[in-house]
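Just below is one structure, and these are the notes that go with it.
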Amino acid sequence: MDEKAPGGGRLPERDRPWVMRTYAGHSSAAASNALFRRNLAKGQTGLSIAFDLPTQTGYDPDHELAVGEVGRVGVPVAHLGDMRALFDGLPLAETNTSMTINAPAMWLLALYRTVGAEQGADPARCAGTTQNDIIKEYLSRGTHIFPPAASLRLTADVVAYTLVEMPRWNPVNICSYHLQEAGATPVQEVGFALATAVAVLDAVRDAGQVPAERLGDVVARISFFVNAGVRFVEEIAKMRAFGVLWDEITRERYGVTDPKQRRFRYGVQVNSLGLTEAQPENNIQRIVLEMLGVTLSRAARARAVQLPAWNEALGLPRPWDQQWSLRMQQVLAYESDLLEYPDILAGSHVMTALVDEIVTGARAELDTVLRLGGVVAAVESGHLKSALVASLAERRRRLEDGTDVVVGVNRFTETEPSPLTAAGAEAIEQVDPAVEAAAVASVRRWRAERDGAAVAAALDRLRADAATSANLMPATLECARAGATTGEWAGALREVFGEYRAPTGLAGAAGGGDDTGLTAVRERVAATARELGSGRLRLLVGKPGLDGHSNGAEQIAVRARDAGFEVIYQGIRLTAGQIVAAAVEEDVDLVGLSVLSGSHLAAVPAVLDGLRAAGRGDLPVVVGGIIPPADAETLLAAGVARVFTPKDFALTGIIDDLVTVVRTANGL
């Protein structure tokens, strides 16, 4: 038989490839628009927009907390003018757009919808996704604004609005991606994500805005966004288990009878956390293997895939790096024969057993969360955060003791110089510092030129509606059209809902295990405290600015506490002034700052200057984060005692180094 002819187990017609995206956006709306156009010209079939941290946390570029953060990890969108520039020349009726936005998802969707209307786009044709999963923000990513109940109300309002007005839009994207980064095992990732989905569906059902007979339509528009690690056989099983449980929950809990509506729909970005600064060329094969985990199984294949670039552990990828990742998808989809076959894992006894194992474990995790009162109660009690911190501590222990091998990091570390990084700082995208000043000037000019009375009236309506049970999307659209800013929209709702500081999850977590090296470090900590005449060494762990990725800071805090330090950790999103005040009031021996957003050259000197102004310029400061070598030298020259980057994976060794820093600073 001709191998290219139908039959022989092949599909009668080759499957269509998944939507291919690149997670992109930085500097400004105009620069990001140009990047989108280039990526689409290279064969990308959907947009995936990264917003900067001020936008994600509801601040304008001229807010105190936005200093150093504007345009770094995404595009700043402060008002309707920015959204117009972002999509200039891109027809929204023909563009599938994914927006990674959560707490202000309603606001960004309103801006998107308004620009679409200005283009003449029929909202019923607009297709795309707002991530809009606030629960994982409290657990891992840290861009939440409002308390859980108010946040779920905003999500339910968006669901109800899009169901009628934008029926092709996915109003919420249940996101387990960051749960895995925060430490979740495959079982926890599935169980906790489904607990979030239950909370969203319960909120929609109980809000009374959606008729009971249309709940199946809501289920059909809920998608998931997952993480795929390098253990790709286990990842395939995880995705198949997700589908089994989603079908079960939507059928039994919500009475959805149409199998098509119960189908598990998901997009994926493979594991950025697993990319290494050491021997970064190894990241290419990691990305390819991780992509296989969400494409090999036709029964559980991703609907959309976006891949990180090889150098994301070093900094912001360049357009060429993003192109390389896009080409990986295109080679798999168009050169290989993957899409010519039905599910190649059907009937596998190994896969069936592994899926059953994950299903059983995830169902137990979901049941536990529901017994605690649901995912909101499990967030507020700290149960979920503590579970993730403990799981991540165990993962770190396996890395440190060599149980888990990471090539180039804890094994096979001998290497030739990499030509990929020979260019130094030129191996990553550089964000011009002038971007922030331009954004500040732009938002102030926007405020000066708009109709202030119309904005005030729209914000008054928003506050009034927020105090009732009304759907907030109409008031939000009015704010968008009137010219309100991101900070003003979020600020109005902060007045009504308040802000929320999530539990840190450190209580009860331990990460040292039976690490023999930790015993020696404990002895050094105790001896140093005795020599200083204090009861215990005191470490302040600080997260300056808007970077909410707190996993590393929390693991340092856990290990330092296990070593005998008294640890002061107040969570994320602190100003330099707040960190300085805590350092002085708590009379600490050492300040550790964690910055992963690239804002270290602004955030760290602000803390150093504040300590000097407070008369504590003698207090040693160390910094950890994704920090290029040239920036590390700058920080050291400014007075930082140590700089740690992702290559410094041995936590006990880091804590030992912290003791040395304290001893040196005190002349011991």
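If you go through region 641-668 and keep only what is outside any helix (DSSP H, G or I) and over 28 Å from the mean Cα position of the chain (by Cα), you end up with Ala641, Asn666, Gly667, Leu668. Residues that are loosely packed, with under 15 Cβ neighbours inside 10 Å and either modelled with pLDDT under 95 or part of a loop (DSSP other than H, G, I, E, B) (or both) do not occur anywhere in region 351-369. Criterion applied to Arg298, Arg262, Arg251 was being without any contact (Cβ under 8 Å) to a residue 60 or more places away in the chain, touching a Pro at 6+ places or on another chain (Cβ under 9 Å), open to solvent by 20 Å² or more (accessible area, probe 1.4 Å) and more than 30 Å from Val405 (Cβ to Cβ), and the one residue passing it is Arg251.
Pairs linking a residue in region 426-450 that is modelled with pLDDT of 95 or more to a residue that is among the charged types (D, E, K, R), with Cβ atoms under 7 Å and 6 or more positions apart or on different chains, are Val440/Asp62; Val443/Asp60; Val443/Asp62; Arg444/Asp62. Here Ala212 does not qualify as among the small types (Gly, Ala, Ser), touching a residue at least 60 places away in the same chain (Cβ under 8 Å) and open to solvent by 40 Å² or more (accessible area, probe 1.4 Å).
Given the criteria out of contact with any Pro (no Cβ under 8 Å at 6 or more places or on another chain), modelled with pLDDT under 95 and surrounded by 17 or more Cβ atoms within 10 Å (Cβ to Cβ), does Ala304 qualify? Yes, satisfied. Kindly check whether there is at least one residue in region 7-29 that is open to solvent by 20 Å² or more (accessible area, probe 1.4 Å) and in a helix (DSSP H, G or I). Checked against the condition, which is being open to solvent by 20 Å² or more (accessible area, probe 1.4 Å) and in a helix (DSSP H, G or I), region 7-29 yields no hits at all.
State which residue pairs qualify: first residue in contact (Cβ under 8 Å) with a residue 60 or more places away in the chain and inside region 374-398, second residue open to solvent by less than 40 Å² (accessible area, probe 1.4 Å) and among the acidic types (Asp, Glu) in any location, beta carbons under 6 Å apart, and separation of 6 or more residues or different chains. Pairs found: Val389/Glu554.
This table checks each residue for (1) small (Gly, Ala, Ser); (2) touching a strand residue (DSSP E or B) at 6+ places or on another chain (Cβ under 8 Å); (3) open to solvent by 30 Å² or more (accessible area, probe 1.4 Å); (4) in a helix (DSSP H, G or I).
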{"position": "His144", "(1), (2), (3), (4)": "no, no, no, no"}
{"position": "Ala150", "(1), (2), (3), (4)": "yes, no, no, yes"}
{"position": "Thr155", "(1), (2), (3), (4)": "no, no, no, yes"}
{"position": "Pro167", "(1), (2), (3), (4)": "no, no, yes, no"}
{"position": "Gly183", "(1), (2), (3), (4)": "yes, no, no, no"}
{"position": "Val190", "(1), (2), (3), (4)": "no, no, no, yes"}
{"position": "Val218", "(1), (2), (3), (4)": "no, no, no, yes"}
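Within region 301-325, the set of residues being outside any loop (DSSP other than H, G, I, E, B) and either of a type in the set (Gly, Ala, Ser) or touching a helix residue (DSSP H, G or I) at 6+ places or on another chain (Cβ under 7 Å) (or both) comprises Ala304, Val305, Pro319, Gln322, Ser325. Would you check if there is a residue in region 578-598 being surrounded by fewer than 17 Cβ atoms within 10 Å (Cβ to Cβ), of a type in the set (S, T, N, Q), more than 24 Å from Gly667 (Cα to Cα) and out of contact with any strand residue (DSSP E or B) (no Cβ under 6 Å at 6 or more places or on another chain)? The answer is yes, given that some residue of region 578-598 is surrounded by fewer than 17 Cβ atoms within 10 Å (Cβ to Cβ), of a type in the set (S, T, N, Q), more than 24 Å from Gly667 (Cα to Cα) and out of contact with any strand residue (DSSP E or B) (no Cβ under 6 Å at 6 or more places or on another chain). Checking region 413-434 against the condition returns a match, with at least one residue being within 30 Å of Ala480 (Cα to Cα), over 23 Å from the mean Cα position of the chain (by Cα) and part of a helix (DSSP H, G or I).
The values are calculated or read from the model by the stated rules, or taken from the named source; none is laboratory data. Since the structure is predicted, the reported quantities are computational estimates derived from the model, not experimental observations. In this analysis, Cβ positions are derived from the backbone assuming ideal geometry, glycine residues included, and neighbour counts consider all displayed protein chains. What goes into the accessible areas is simple: the full protein's heavy atoms, side chains included, and nothing from ligands, DNA or RNA. Shrake-Rupley method; radii C 1.70, N 1.55, O 1.52, S 1.80 Å.
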